[in-house]
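S.K.: Take a look at the following structure, please.
Bear in mind these aren't lab numbers, they're just calculated from the coordinates by the rules spelled out. Note that the coordinates shown come from a computational prediction; the quantities given were computed from them, not determined experimentally. Cβ placement follows ideal geometry from the backbone for every residue including glycine, while neighbour counts extend to all protein chains displayed.
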Amino acid sequence: MSKEHALPYFSFLDSEIVSLKATESGRPFQIHRSLLASKSRAIASAFDRGFEESKKKVYTFQDTSEGTLARFIEWAYTGDYPAIIKATHANEPTILKAEAIVNGAKEDGKSDNTKSDSTDNLDINAISLSAPDTDLTHENHPLLAHIRLYVFCSIYIIPELRSLSFTRATAAFKSLDQPTTLETQLGVIAALRVSFRSLLADDRLLDWLAHYAAYCLGQLRVQRDFHDLLQESPVLGSRMVLSLHAPRTPPWEVCPPTYNFPAYVPDSTYAEEL
């Protein structure tokens, strides 16, 4: 735990335990109430207003995922959060535990052959959650994990974790550079969609991502989903213009395409001409 983040354990260990849930049907993740209050007054205040949350000691989020919530709680206790979350099973210890992995080697110097699904080169932690049969591995996308946490921190006013997730999100995009495969292109588009749907217009991450999208325009524009995103979030296109360069060739010197194919719509029936 970093010195600036550190909170003496005796200051919150004797406080009551409350639960946080990502959805009504989600698993309750427990946290000390005083610790929660020290990290996010916006969330903790729900337990102070005499509403249903105060009676049941459970706060349910409607705008986040279990992976994001797990990363927030991990950070609250340790000052750090994992990019990769491992699945656990009922016969494993019911505790929240962390194992630091740095460039493929554990902190004790022993090698670890487990390969990360992340495309970035950040130092990551692999954690096991306390709930039995927990599987949040589908939330381990190297771009979306950091972006979703950043959005969470923006909504619930957690500046320190917000700054950390900004650093890691931008580092993940930098490590990826330009998305050259279908999978990475769709991942980038998904991260852009989450950001431009959820963040305030003056958020600095939006300008950063718009510049990145302009940098990757050659790769992103081949995906129909990117064009759909530009229609959904016109502000993305307007901000990209600030980073784009004018074409070197005037339109009267450009040869039109030989064939103008209509857009393909999945699952549509195309009549065969006789």
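S.K.: Only four residue types carry charge here, +1 at the Cβ of Lys and Arg and -1 at the Cβ of Asp and Glu. Report the dipole size of segment 167-222 about the Cα centre in Debye, rounded to the nearest 20.
M.R.: The dipole of segment 167-222 has a size of about 60 debye.
S.K.: For segment 138-229, what does the alpha-carbon gyration tensor say about shape, rounded, prolate or oblate, given a ≥ b ≥ c as the root eigenvalues, a/c under 1.5 as rounded, and a/b over b/c as prolate?
M.R.: prolate
S.K.: Further, regarding this structure: Using a cut-off of 12 Å between beta-carbons, work out the net charge of the residues near residue 40 (Lys and Arg +1, Asp and Glu -1, residue 40 not included).
M.R.: Net charge in that neighbourhood comes out at +3.
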